[in-house]
Amino acid sequence: MTDDTPTPATAEALATKAASWVKLAGGPDEAMRDCASAVHALVSRLPVGAATPWADDTTLGAVMLTARLHRRRNSAAGIEAMTELGATYVSRYDNDIARLLRIDSFQTPVAI
């Protein structure tokens with residue numbers, strides 16, 4: 001990542017990067033810190049999080065997941081918005097995060 005915030009060796013550094021990612025005025029709030037702490041713990045247990053410092057793709061995936069969880073706090077039932085056409089739901093799966101963190105059903109390409 002190109003900003004001057006350190007690679008997230010800590011949950012607080014991850015919260016700072018995620019707050020910057022979502023343009024949260026005033027830096028990370030308590031909810032962002034809670035999300036960052038959970039994501040930092042999760043990613044640190046993944047094979048991609050074992051490297052120190054994290055690779056750029058791992059860092060970006062962690063930032064995106066933190067931001068997603070932070071936004072999710074306002075849509076606990078999974079509903080993003082209600083319109084005259086009905087409900088808009090928050091997606092349960094994010095391809096980009098899965099690729100960056102190599103989680104869920106993402107499979108790396110295999111040479112034949």
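The values are calculated or read from the model by the stated rules, or taken from the named source; none is laboratory data. Because the structure is a prediction, the values reported are computed rather than measured. For neighbour counting, all protein chains shown are included, and Cβ atoms are generated from backbone atoms with ideal geometry for every residue, glycine included. Just so you know, the surface numbers come from the protein's heavy atoms only, side chains and all, with ligands and any DNA or RNA stripped out. Shrake-Rupley method; radii C 1.70, N 1.55, O 1.52, S 1.80 Å.
General remarks:
- Options Val22, Val63, Val39: the member that is surrounded by fewer than 19 Cβ atoms within 10 Å (Cβ to Cβ) and among the aliphatic types (A, V, I, L, M): Val22
- Among the residues of this structure, Asp34 counts as one that is in a helix (DSSP H, G or I), open to solvent by 80 Å² or more (accessible area, probe 1.4 Å) and either in contact with a strand residue (DSSP E or B) (Cβ under 8 Å, 6 or more places away or on another chain) or modelled with pLDDT of 85 or more (or both).
- Of residues in the stretch 74-91 being of a type outside the set (Ser, Thr, Tyr), out of contact with any strand residue (DSSP E or B) (no Cβ under 8 Å at 6 or more places or on another chain) and exposed (fewer than 10 other Cβ atoms within 10 Å of the Cβ), the one nearest to Cys35 (Cα to Cα): Ala76
- The single condition from (1) open to solvent by less than 50 Å² (accessible area, probe 1.4 Å); (2) under 20 Å from Leu101 (Cβ atoms); (3) assigned to a helix (DSSP H, G or I); (4) touching a residue at least 12 places away in the same chain (Cβ under 8 Å) that Trp54 fails is (3).
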